[in-house]
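The values are calculated or read from the model by the stated rules, or taken from the named source; none is laboratory data. This one's a predicted model, so the numbers in the text were calculated from it and none came from an experiment. Methodologically, a virtual Cβ is constructed for each residue, glycine included, from the backbone with ideal geometry; neighbour enumeration extends over all protein chains shown.
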Amino acid sequence: MRHLGAIAQRELRSFFLSPVAYVVLALWALLAATFFLASVIAFDSEVARLSRLGATEPLAQLNLNDHLIGSFLFSMWFVSIFAFPAITMGLFAAEKNNGTEELLMTSPLTIWEIVLGKFVAGGAFAAIMTAVAAFFPALLFVYGDPEVGKTLAGLLALFLVSLTYVAIGGFASSLTRNQLVAFLVTLALLFLVGLMIPQLVIFGVASDALGANSVLVDVMRWIGAADHFERMLTGLVETRDLAYFAVTTAIFLLLTKTAVESVRWR
Amino acid sequence: MGGTAAGTLAIEASGLTKRYGEIVAVDDISFEVGQGEVVGFLGPNGAGKTTTIRMLTGFLPASDGNARIAGHDIFTEPLAARRGIGYLPETPPLYPEMTVESYVAYVASLKDVARAERKDAVARSLGRCGLLDVRQRVIRDLSKGFRQRVGLAQAIVHEPPVLVLDEPTVGLDPIQIREIRGLIADLAAPRDGGRRQTVLLSTHILPEVSAICSRVIMIHRGRKVIDQPLESLLAEQGSLEAVFGRVTSSDSLEPVGEVQ
């Protein structure tokens, strides 16, 4: 694994030598600021509304974590569904397009060094994005007193879902030499398979005669990222949710390794 | 890097075959290249040169047959075999956004040049390829001839026992061709204490072979048709052009000329 560092480092450096990284980071920061402001305004107006009604009970229930940071991080998760395909589209597709795939495959490297090196680079970028997002909830610690544990659990959830997206996007990128194709395939996987289809099945079928306990609903609840993500936002760091992120990441890394290796099968 | 015991053959290919379904791209090719030999690997476009080279360099697995690079079996010791090769593919494998120096340093780390020696190895390789003046330039901004030099620099950075060059002058203008050819001749010339670089030079440009190589291996339709020292081949057949013309005009799949 001694080449892993060299591959990760080059990949990360190349992110910042291309405009894509800057555009994604700028949009990410801008959207984070926007959604944070929106969450603050929503929270503020809710406080004002409940005060006006004199609803002391619900007012006491209102807190920065559940009613501000939670909705902010939920919005950022939604943004990440569109951001990560752009980050990962070039991971392997660019190597095919540059002809550098031939350099990697004829160097004394293992396929895992290549795949994990690129995953580490994508993971480092995900860490930067999580840190940018973390800046906004951090502001609240200056003006209020959110729970540290719950806030960190939420940020961890955002980071873990990002890692999963890096693995999925890397896989899509390993299938093609065309970065746009990689982008669209990743978007389809994250948005349709990871969010829309599970939500439609859960809400469609649950209201149906099958009932909420059907196996299909359970499967969809597991496949979709929403359930796992939301549970962590409430501060619960549970094994089943950590396992979801770990297993999904591992499956897609394994698929990527197989896809990269497959040039040798031709 | 990848030290070679004296007396070991640089390249030992035996019965290399590549099949794509029904199509046989490379058919039972065997040859040997001794240490310090500069061998021209000739054939018309589509003869199977690149496929053969890709099997030797470990990019494609052979359907049949085997090869050893500096004594290392490409199937059972793939990493050691790959470490023994410096390879310039037909399209130089460059990252356009990187600078020349950082790119060559990256390849040095991939090829297991020890960290402590990396800086020297990169400087030496850039120097030999005439790239010291452009070391800080971004590869994207270089001319095609200079990109080819960068391709050569990455191939020699780990001082491999075997250098494999696939059509290194394709797509260059006449001046660039002369420069790259001169550079390859320099790389192939004996240096520090008479040590010679083993080179397998794939090309379909005949003057390139007469200028640099001491032996010719010619393949046609996936089969080896000639394997002979350049001098004796020229003595028998007159010119490379004549050999090439006869080989490529024959529709027969049988070997043409004397195979040694």
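Checked against (1) of a type outside the set (Val, Ile, Thr); (2) at positive phi; (3) free of Cβ contacts under 8 Å to residues at least 12 places away in the same chain, B:Leu132 passes all but a single condition, namely (2). Considering (1) without any contact (Cβ under 8 Å) to a residue 60 or more places away in the chain; (2) of a type in the set (A, V, I, L, M); (3) crowded, with 23+ Cβ neighbours inside 10 Å, the lone condition that B:Leu88 does not fulfil carries the number (1).
In the set (1) within 23 Å of A:Gln9 (Cα to Cα); (2) surrounded by 23 or more Cβ atoms within 10 Å (Cβ to Cβ); (3) under 18 Å from the mean Cα position of the chain (by Cα), A:Ala157 fails one condition alone, (1).
The rows are residues; the columns are (1) touching a Leu at 6+ places or on another chain (Cβ under 6 Å); (2) away from chain B (no Cβ under 14 Å); (3) modelled with pLDDT of 90 or more; (4) more than 22 Å from A:Ala131 (Cα to Cα).
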site: A:Ser14; (1), (2), (3), (4): no, no, yes, no
site: A:Ser18; (1), (2), (3), (4): no, no, no, no
site: A:Ala21; (1), (2), (3), (4): no, no, yes, no
site: A:Val24; (1), (2), (3), (4): no, yes, yes, no
site: A:Trp28; (1), (2), (3), (4): no, yes, yes, no
site: A:Leu37; (1), (2), (3), (4): no, yes, yes, no
site: A:Ala42; (1), (2), (3), (4): no, yes, yes, yes
site: A:Ser45; (1), (2), (3), (4): no, yes, yes, yes
site: A:Ala60; (1), (2), (3), (4): no, yes, no, yes
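Listed by position, the strands (runs of 3 or more DSSP E) contained in region B:27-106 that have at least 1 residues being away from chain A (no Cβ under 14 Å) are B:38-42, B:64-69.
For region B:39-62, a residue qualifies if it is small (Gly, Ala, Ser) and buried (at least 22 other Cβ atoms within 10 Å of the Cβ), and the qualifying residues are B:Gly40, B:Gly43, B:Ala47, B:Gly48, B:Gly58, B:Ala62. Going by the structure shown, is B:Lys111 crowded, with 24+ Cβ neighbours inside 10 Å and within 30 Å of B:Val209 (Cβ to Cβ)? Criteria met by B:Lys111. Of B:Arg181, B:Arg140, all but one fail to be more than 18 Å from B:Val33 (Cα to Cα), among the basic types (Lys, Arg) and either crowded, with 20+ Cβ neighbours inside 10 Å or within 15 Å of the chain's Cα centre (by Cα) (or both); the exception is B:Arg181. Among the residues that make up region A:74-86, is at least one of them surrounded by 14 or more Cβ atoms within 10 Å (Cβ to Cβ), in contact with an Asp or Glu (Cβ under 8 Å, 6 or more places away or on another chain) and either modelled with pLDDT under 95 or under 22 Å from A:Leu156 (Cα atoms) (or both)? Yes; the residues of region A:74-86 include at least one that is surrounded by 14 or more Cβ atoms within 10 Å (Cβ to Cβ), in contact with an Asp or Glu (Cβ under 8 Å, 6 or more places away or on another chain) and either modelled with pLDDT under 95 or under 22 Å from A:Leu156 (Cα atoms) (or both). For region A:122-135, check the following and say yes or no: at least one residue is of a type in the set (A, V, I, L, M, F, W, C), within 14 Å of chain B (Cβ to nearest Cβ) and surrounded by fewer than 23 Cβ atoms within 10 Å (Cβ to Cβ). No, region A:122-135 has no match at all.
The set of residues in region B:107-138 being more than 10 Å from every other protein chain (Cβ to nearest Cβ) and touching a strand residue (DSSP E or B) at 6+ places or on another chain (Cβ under 8 Å) consists of B:Arg135, B:Gln136, B:Arg137.
Restricting attention to region B:185-203, the residues that are modelled with pLDDT under 90, touching a helix residue (DSSP H, G or I) at 6+ places or on another chain (Cβ under 8 Å) and among the hydrophobic types (A, V, I, L, M, F, W, C) add up to 3. Taken together, B:Gly36, B:Gly21 contain a single residue that is under 16 Å from the mean Cα position of the chain (by Cα) and surrounded by fewer than 22 Cβ atoms within 10 Å (Cβ to Cβ), which is B:Gly36.
Taken over region A:53-100, the criterion of being within 17 Å of the chain's Cα centre (by Cα) and on the phi > 0 side of the Ramachandran plot is satisfied by no residue. Filtering A:Leu139, A:Leu116, A:Leu103 for residues that are surrounded by fewer than 17 Cβ atoms within 10 Å (Cβ to Cβ) and of a type outside the set (Ser, Thr, Tyr) leaves a single hit, A:Leu139. Of the residues making up region B:84-99, at least one is within 30 Å of B:Val24 (Cβ to Cβ) and of a type in the set (A, V, I, L, M, F, W, C).
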